[in-house]
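Student: Questions regarding the structure given below will be posed in turn.
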Amino acid sequence: MRSTSTTDPRTPPADRLPLAALLALATAVFVTSLTETLPAGVLPAMSADLAVSESAMGQSVTVYALGTALTAIPLTAATARWRRKRLLLATVVAFALANTVTAASTDYLLTMAARFVAGVAAGLAWAMLAGYARRMVPDHLQGRAIAVVMAGIPVALSLGVPAGAFLGAVAGWRLTFGLMTALTVVLVVWILALVPDQPGQEPGAGTPVGRTLAVPGVLPVLVVTLVFVLAHTILYTYVAAFLGHAGLDEAVDLVLLLFGAASLVSIWVVGAHIDRGPRTLVVGSVVLVAVAATALALLSDGAVPVYAAVVLWGLGWGGVPTLLQTAVADAGGEAADTAQSMLVTLWNVAMAGGGVAGGALLAGLGPAALPWTLPVLLAPVLVVVLAARVHGFPARRPGAGG
């Protein structure tokens, strides 16, 4: 059972969220998300500076995801007994080192190695952050706590990525990665000062992967995660190339801003309603993203339709990390930590696959083919969500207040 710390003076009363601590975790999510997706906003500049094609540079997202996918489950198991605060600090320091190397590197292979290390750190962080947030609050606040932490993703997309694209155009892409290092230094101090510690698992408390997969509801959530993230990543990684095809190559930062701002609205809606209507929210997310991608495919000749479709895309996507992290934790029960590490692994397998598949589509069929993959892939996702109505995606969260 998860419990709330009552001995740490930084822990607020049971009816209030510990916002200072949760916002520190949200900033950690921001760092992982922005480090992961920042190349999408500065891809042309990075590829030109390192003398490789845009498709090759897009693999900087792929190798990051591979670092997470290959190591999240074994490293989560290996560090299961670590104090949570110690582990969080270790991942943040690893991000600082990886982003420093990325900012300074003039060699493509060294840059890719740094991206891989950052992905390893991300796997550890993502596997524990939702659980860390849940343990800080009572059951009836867990959905909102995760929503606060996951807000780091749309903030990264709405502010970080477009700001990085702007800074990349004005002062060079290396500055953006250098600023990421500075942010992680601030984050270390914040965590030390305001985040309460939590214990790791007791010896023998973990649940094996095979037994976790057998828990009703876990497998459907993992399948939805794999395919949904794959579809999103195929388009998002190469959004700059797609916008160039649409004649909007000068509007990448604006498009990313619109996407991220809509994502912020999405996560607010999800945070407010996740306890009472999780399945409805997931279905709405799938439909909105599919409709948005179809609109991009059909209406890319004008700026206004593209902007409108991107807003729909953000409204659909913004709450997805919160919805899926909450769904797999609720379905997993006592196996929630293992289920979270599996979700993180599949999430990044999907991101790696999306980078590869998107790069192949870009090189073989051109950018116009990218958005068509989303409605094709999201049709079976919708079927799985609707079928898993008892376990996986119930109408209401188990343990939610009435």
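The values are calculated or read from the model by the stated rules, or taken from the named source; none is laboratory data. A quick note: this is a predicted structure, and the numbers were derived from the prediction, not measured. All Cβ positions, even for glycine, are placed from backbone atoms using ideal geometry, and neighbour counts span all protein chains on display. Ligands, DNA and RNA are excluded from the accessible area calculation, which covers all protein heavy atoms including side chains. Shrake-Rupley method; radii C 1.70, N 1.55, O 1.52, S 1.80 Å.
Student: Does the range 291-305 contain at least one residue that is within 16 Å of the chain's Cα centre (by Cα) and in a helix (DSSP H, G or I)?
Tutor: no
Student: Name the single residue, out of those in the range 316-338 being open to solvent by 10 Å² or more (accessible area, probe 1.4 Å) and in contact with a Gly (Cβ under 8 Å, 6 or more places away or on another chain), that is modelled with the highest pLDDT.
Tutor: Across the range 316-338, the extreme among qualifying residues is 327.
Student: Within the range 137-147, is there a residue that is surrounded by 18 or more Cβ atoms within 10 Å (Cβ to Cβ) and within 15 Å of the chain's Cα centre (by Cα)?
Tutor: Yes, the range 137-147 has at least one match.
Residue by residue, here is whether (1) β-branched (Val, Ile, Thr); (2) in contact with a helix residue (DSSP H, G or I) (Cβ under 7 Å, 6 or more places away or on another chain) holds:
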residue: 25; (1), (2): no, yes
residue: 38; (1), (2): no, yes
residue: 42; (1), (2): yes, yes
residue: 45; (1), (2): no, yes
residue: 77; (1), (2): no, no
residue: 84; (1), (2): no, yes
residue: 90; (1), (2): no, no
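Student: So, in the range 74-84, of the ones that are among the aliphatic types (A, V, I, L, M) and surrounded by fewer than 18 Cβ atoms within 10 Å (Cβ to Cβ), which residue ends up farthest from the chain's Cα centre (by Cα)?
Tutor: Step by step, filter the range 74-84, then rank; the result is 78.
Student: Just a yes or no: is a residue in the range 304-314 on the phi > 0 side of the Ramachandran plot and open to solvent by 10 Å² or more (accessible area, probe 1.4 Å)? Before the answer, list the steps.
Tutor: Start the filter on the range 304-314 by keeping residues that are on the phi > 0 side of the Ramachandran plot, which leaves none.
Scanning the range 304-314 turns up no residue that is on the phi > 0 side of the Ramachandran plot and open to solvent by 10 Å² or more (accessible area, probe 1.4 Å).
Student: Give me the residue from the range 273-290 that is touching a residue at least 60 places away in the same chain (Cβ under 8 Å) and either hydrophobic (A, V, I, L, M, F, W, C) or in contact with a Cys (Cβ under 6 Å, 6 or more places away or on another chain) (or both) and, out of that set, most open to solvent (accessible area, probe 1.4 Å).
Tutor: So, considering only residues that are touching a residue at least 60 places away in the same chain (Cβ under 8 Å) and either hydrophobic (A, V, I, L, M, F, W, C) or in contact with a Cys (Cβ under 6 Å, 6 or more places away or on another chain) (or both), the one most open to solvent (accessible area, probe 1.4 Å) is 287.
Student: List the helices (runs of 4 or more DSSP H) inside the range 53-165, counting only whole elements, that have at least 3 residues being at pLDDT below 85.
Tutor: Filter on the range 53-165 gives 54-78, 108-135, 142-150, 152-155.
Student: Go through the range 362-392 residue by residue and tally those that are out of contact with any His (no Cβ under 8 Å at 6 or more places or on another chain), open to solvent by 40 Å² or more (accessible area, probe 1.4 Å) and at pLDDT below 90.
Tutor: 6
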